[in-house]
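Take a look at the structure below.
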Amino acid sequence: MRPGFEESGMIYDLLIGPFAEFDFMRRALVGVLALGVGAGPIGVLMMLRRMSLAGDAMAHAILPGAAVGFLAAGLNLFAMTVGGLVAGFAVALGAGAVARATQMKEDAALAAFYLVSLALGVLLVSLRGSNVDLLHVLFGTVLALDDATLLLIVSISSLTLVALALAWRPLVLESVDPGFLRSVSRAGAPTHLIFLALVVMNLVGGFHALGTLLAVGLMMLPAAAGRFWTRELTTLVGVSVLIACASGVLGLLVSYHSGVPSGPAIILVAGGAYALSVLFGPVGGLLPRFLPQRHLEA
Amino acid sequence: MGNVVRNVLAFRNLTLGYDRHPAVHHLEGEVPEGDMLAICGPNGAGKSTLLKGIAGVLTPLTGRIEGHVPAREIAYLPQAAEVDRSFPIDVYDLVSMGLWRRAGLFGGINRADRARIEQALAAVGLEGFEARPIGTLSGGQMQRALFARLLLQDARLLLLDEPFTALDAGTITDLTALVKRWNGEGRTVIAVLHDFELVRGHFPRTLLLAREAVAWGATGEVLTSHNLAEARRMCEAWDEDAPACAPASRRAA
């Protein structure tokens with residue numbers, strides 16, 4: 001056997017074998033790729049709208065909703081999805097309404113709402129006694145995605161892309177210059193609501209695979225990493241999707257070969273991409289800053 | 001109609017304010033079409049508040065603003081516009097937002113529009129800046145870009161809130177010329193300004209505001225030292241425990 005062949009066999013075992021061999025790995029692959037495609041652009045907009053931490057708050061808000069769904073109907077995809085969506089929408093809309101109707105800023109309103117939602121969820125769960133299966137909600141089961149769940153995740157990603165394509169212009173405009181959008185159009189408030197709905201939907205899609213808390217990671221880490229590589233919005237979205245999908249695939253492989261849980265592995269790979277970007281990213285990264293080149297001529 | 005000049009705006013017993021405190025109090029008056037009106041007055045006189053009211057951002061506490069131009073024909077440049085300078089967008093895209101009225105949510109930008117964008121950039125002296133991220137612009141260049149966007153809005157009524165604050169003399173001269181050109185095209189311009197020299201030089205009419213109108217008319221007759229002192233005196237009076245103002249109908253009775 002030629003050495004080159006042996007080498008390519010090793011690479012095959014490392015990168016492709018797990019997916020070719022096991023059905024659950026292929027399902028997980030489809031799941032993380034679909035999640036990455038939806039979460040990439042959503043994360044970029046969240047970051048640019050200074051809502052990086054709002055995603056985390058909404059993820060906390062979804063948790064009790066999903067838990068209530070679980071308590072009502074067991075490990076039922078439909079009940080948990082509906083529960084998560086209802087809780088997420090209630091918190092996002094409630095906080096948004098309070099922020100627009102009163103003097104309170106949206107971040108403070110969001111904090112108030114998600115904390116109440118979280119406490120309510122914990123109370124409800126403790127009334128009915130806890131269950132080990134609830135860990136499914138917390139940390140997800142990307143290696144056990146069934147057809148229905150996969151379909152849900154892919155549908156959410158597709159819907160996200162269509163909705164973003166339609167609302168892209170007002171979304172960008174509201175992020176750059178909200179005052180200007182208000183002065184030329186009434187599209188601002190509905191656009192913001194559509195965006196919040198997309199965030200909640202993507203988090204709900206993500207929690208089946210990664211758990212409610214880690215689902216935010218696949219949104220924010222690729223976006224935050226991408227910011228170090230480009231100054232251009234369209235490219236930024238592309239880079240984020242790329243990082244999100246690559247983190248998903250690499251995370252699955254790391255998890256397969258080393259036997260660690262896959263959800264955290266995926267997010268840690270994304271975290272690694274972020275760390276590398278902070279260090280080496282050409283747009284404001286540490287290394288370009290500490291190895292300054294001579295300034296240009298005026 | 002003949003030579004009768006139509007009003008673009010009429011203020012009828014207009015009171016605007018925040019949290020029940022009036023910032024503009026019982027204002028009456030009209031703005032004729034094609035006017036070039038400066039609004040002057042001390043800080044806290046209600047100048048920005050009045051522009052917000054005209055732009056429709058703020059709802060009157062009492063009274064009303066009769067607008068005779070549709071809202072989409074009004075272009076409003078707020079004081080310290082809330083542009084997120086860190087957003088990854090270039091000058092060309094920022095300026096092209098001015099075409100919103102034509103392009104709306106989904107409309108494309110065709111070759112004629114592109115030519116208009118280039119003309120607008122040239123008019124404010126920003127040729128060659130198309131691909132620059134807005135974060136790299138200086139304060140003056142940013143204001144020029146916002147003026148290019150105003151130009152593309154092609155509005156009948158322009159509201160400018162302290163458009164020349166913190167700009168150098170050259171930029172102010174260029175942008176003032178642009179504003180006068182707009183006015184020459186028959187557009188109505190209302191600008192909040194602090195520089196009396198600039199107002200005397202370029203704005204034929206002035207409203208001196210100190211919550212109430214101190215004087216409103218030809219600039220030379222409005223900006224007298226007596227009126228300015230009066231405006232300062234009226235603005236410094238601020239009563240935290242002011243009683244509710246009687247409704248206009250009851251006051252008139």
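The values are calculated or read from the model by the stated rules, or taken from the named source; none is laboratory data. All figures in this text were calculated on a predicted structure; none of them were measured in a lab. Cβ placement follows ideal geometry from the backbone for every residue including glycine, while neighbour counts extend to all protein chains displayed. Heavy atoms of the whole protein, side chains included, go into the accessibility calculation; ligands, DNA and RNA do not. Shrake-Rupley method; radii C 1.70, N 1.55, O 1.52, S 1.80 Å.
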Below 8 Å, C-alpha to C-alpha, sequence gap of six or more: please give me the relative contact order for the range B:1-126 in percent.
23
Magnitude of the Cβ-charge dipole of the range A:22-283, K/R +1 and D/E -1, about the Cα centre, nearest 20 debye?
480
Before rounding to the nearest 500, sum -39500 (n - 2.57) across all DSSP H runs of length at least 4 in chain B and divide by the residue total; then give [θ] at 222 nm in deg cm²/dmol.
-10000 deg cm²/dmol
The protein assembly as shown: C-alpha gyration tensor shape, a/c 1.5 cut-off, then a/b vs b/c
prolate
Proximal lysines to residue A:105, defined as alpha-carbon separation beneath 25 angstrom and excluding residues fewer than eight positions away on the same chain:
B:52
Return a whole-number percent for the relative contact order of the range A:172-298, with Cα pairs under 8 Å and 6 or more residues apart as the contact set.
20
Can you find, among A:54, A:199, A:175, the residue farthest towards the positive end of the dipole of the range A:22-283? Put +1 on the C-beta of Lys and Arg, -1 on that of Asp and Glu.
A:175
Of all DSSP beta bridges located in the range B:150-239, what percent are antiparallel, nearest 5?
55
For residue B:8, list long-range residues whose amide hydrogen, built 1.01 Å from N in the peptide plane, is under 5 Å from its own amide hydrogen.
B:31, B:33
Calculate the length of the line joining the C-alpha centroid of the range B:191-226 to that of the range B:69-104, in whole Å.
28
In Å³ per residue, the alpha-carbon convex hull of the range B:1-78 encloses 104
Nitroxide proxy distance, nm - points 7 Å out along Cα→Cβ at residue B:233 and residue B:102:
5.3
The alpha-carbon center of the range A:270-297 and that of the range A:182-217 are separated, in whole Å, by 30
Quick one: pull the percent of accessible area on chain A belonging to carbon and sulfur, 1.4 Å probe, ligands and nucleic acids left out.
71
What residue among B:95, B:192, B:83 shows peak mean-square fluctuation when chain B is described by a Gaussian network model with Cα springs under 10 Å?
B:83
Taking beta carbons within 10 Å but only from partner chains, what does the mean come to for residues B:83-90?
6
Let me confirm one metric for peptide B:91-101, namely the mean number of other chain beta-carbon atoms within 10 Å of its residues' beta-carbons.
3
Cα gyration tensor, the range A:149-298 - rounded (a/c under 1.5), prolate or oblate:
oblate
How much mean residue ellipticity at 222 nm does chain A get from its helices, if each DSSP H run of length 4 or more adds -39500 (n - 2.57) and you divide by all residues, to the nearest 500 deg cm²/dmol?
-27000 deg cm²/dmol
Per DSSP, loop trypsin sites (Lys or Arg not before Pro) in the range B:1-92 with at most 16 further Cβ within 10 Å
B:6, B:20, B:85
With T = 10 °C, eta = 1.306 mPa s and Kirkwood Rh from C-alpha pairs, the Stokes-Einstein D of chain B in µm²/s is about 82
Relative contact order %, chain A, counting alpha carbon pairs below 8 Å whose residues are six or more apart
25
Share (percent) of C-alpha pair distances in the range B:133-221 greater than 20 Å works out to 38
Output field shielding_mean for A:180-193 (other chain Cβ, 10 Å radius) holds 4
Counting only DSSP loop positions in the range A:224-298, the trypsin sites (Lys or Arg not before Pro) whose Cβ has at most 13 other Cβ atoms within 10 Å are A:294
Stretch in chain B that is longest and holds no chymotrypsin sites (Phe, Trp or Tyr not before Pro) that DSSP places in a loop and that have at most 14 other beta carbons within 10 Å
B:107-237
For the range A:22-283: rounded, prolate or oblate by the Cα gyration tensor [a/c cutoff 1.5]
oblate
